[in-house]
Amino acid sequence: MNAAVPPSLAAEAVSVTFDGLRAISGVSLTLEKGEILGLIGPNGAGKTTLVNCLSGFQLPTEGRVRLGGQDTVRWDAAAFRKAGVARTFQGGRLFRDMSVLDNVEVTGVALGLSRRAAQRKASELLDWMGIAQFAHQLAGTLPYTDERRVGIARALLMKPDFLLLDEPAAGMSDHECEQLTALIRIIRLEQGCGILLIEHNMAVVLGLCDRVHVLDGGRTLAQGRAAEVRNDRAVIDAYLGAEG
Ligand SMILES: Nc1ncnc2c1ncn2[C@@H]1O[C@H](COP(=O)(O)OP(=O)(O)OP(=O)(O)O)[C@@H](O)[C@H]1O
Ligand SMILES: [Mg+2]
């Protein structure tokens, strides 16, 4: 990363078209290091597609993604990961028949660490996250809330500058949401990364996020400080209405 440019991960007028369907249209968004940015919007709004673009899993049809001011036009997902952009997946994507420790360790090996170094880092991280008790359990036997934590551990392994979380709280109880919220706060505080959080639960969003970006039908509907967006009439009509 260019040290002279303040670190940020930015989508600039990004559009993605799938076989004629416009999944996102001209979306611009900047994630700064150290902030938590909420990305909200109804199902199919384009949130995951945008995160895919910001992490090299999807090439924008138009527009570009910059990291620390650098154009990432030829970067694949591995290049984003090596440059400090990590993400989790809506579907988990753990190796179910491998242990939790091995699941985290392989990420380190894939990123160039020796097995020994990867195992040490993975153990330290599971300790830090308070999930060391699961280290030798098969990932496929975990309740999905713990599975999510392992997904976050894999993303955090190489101390990314940017962490993109795709609906980490989906399906969680209120108590589990509170635990996840506490974990995300600690990640920001102790690791200092910029966090993009896709989340439907507005209590979680309002409790955590400095700013919120709202997508609807692939377009930016609103963006701003969390409390302002919460009271935006267009956002309430399009998205929050059902929650009152
Ligand atoms: N690989 C793909 N091929 C074709 N269409 C796709 C593909 N990925 C996403 N889409 C379409 O693009 C639109 C945006 O999808 P996306 O998954 O980004 O939405 P989302 O906001 O993450 O939704 P959800 O809240 O359900 O996760 C949807 O209409 C979806 O069907
Ligand atoms: Mg999605």
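Karplus-based coupling profile of the stretch 159-164, in residue order and whole Hz: 6, x, 7, 10, 10, 10, with θ = phi - 60° in 6.51 cos²θ - 1.76 cosθ + 1.60 and x standing for Gly or Pro. Averaging the sequence gap over all C-alpha pairs within less than 8 Å and six or more residues apart, then dividing by the number of residues, gives the stretch 19-145 a relative contact order of 18 percent. Each stretch of four or more DSSP H residues adds -39500 (n - 2.57); spread over every residue of the chain, this sum gives -10000 deg cm²/dmol at 222 nm. Here the contact order of the stretch 95-141, divided by its residue count and restricted to Cα pairs under 8 Å and six or more residues apart, works out to 55 percent. Of the residues THR181, GLN70, SER55, the one whose Cα sits farthest towards the positive end of the charge dipole of the chain is GLN70 (charges of +1 on Lys and Arg Cβ, -1 on Asp and Glu Cβ, taken about the Cα centre). Across the chain, C-alpha contacts under 8 Å between residues 6 or more apart give a mean separation that, scaled by the residue count, equals a relative contact order of 26 percent. Backbone amide hydrogens, once placed in the peptide plane, bring ALA23 within less than 5 Å of VAL16, THR17, PHE18, excluding anything fewer than 5 places away on its chain. For LEU39, the residues whose modelled amide H falls within less than 5 Å of its own, excluding neighbours fewer than 5 places apart on the same chain, are LEU197, ILE198, GLU199, HIS213. Computed from backbone phi with θ = phi - 60° and the Karplus coefficients 6.51, -1.76 and 1.60, the 3J(HN,Hα) list for the stretch 75-80 is 7, 9, 4, 5, 5, 4 Hz; x is used for glycine and proline.
When +1 charges are put on Lys and Arg Cβ atoms and -1 charges on Asp and Glu Cβ atoms, the dipole computed for the stretch 95-141 relative to its Cα centre reaches about 140 debye. A probe of 1.4 angstrom, applied to the heavy atoms of all protein chains, finds ASP146 with accessible area near 30 square angstrom. Annotation: amide H of LEU221 within the under-5 Å range of VAL214, LEU215, ASP216, sequence separation 5 or more or interchain, hydrogens built in the peptide plane.
The values are calculated or read from the model by the stated rules, or taken from the named source; none is laboratory data. These numbers were taken from a predicted model, which means no experiment stands behind them. Don't worry about glycine lacking a Cβ; one is built from the backbone with ideal geometry, like all the others, and counts go over all protein chains shown. Note: areas computed on protein heavy atoms with side chains; ligands, DNA, RNA excluded. Shrake-Rupley method; radii C 1.70, N 1.55, O 1.52, S 1.80 Å.
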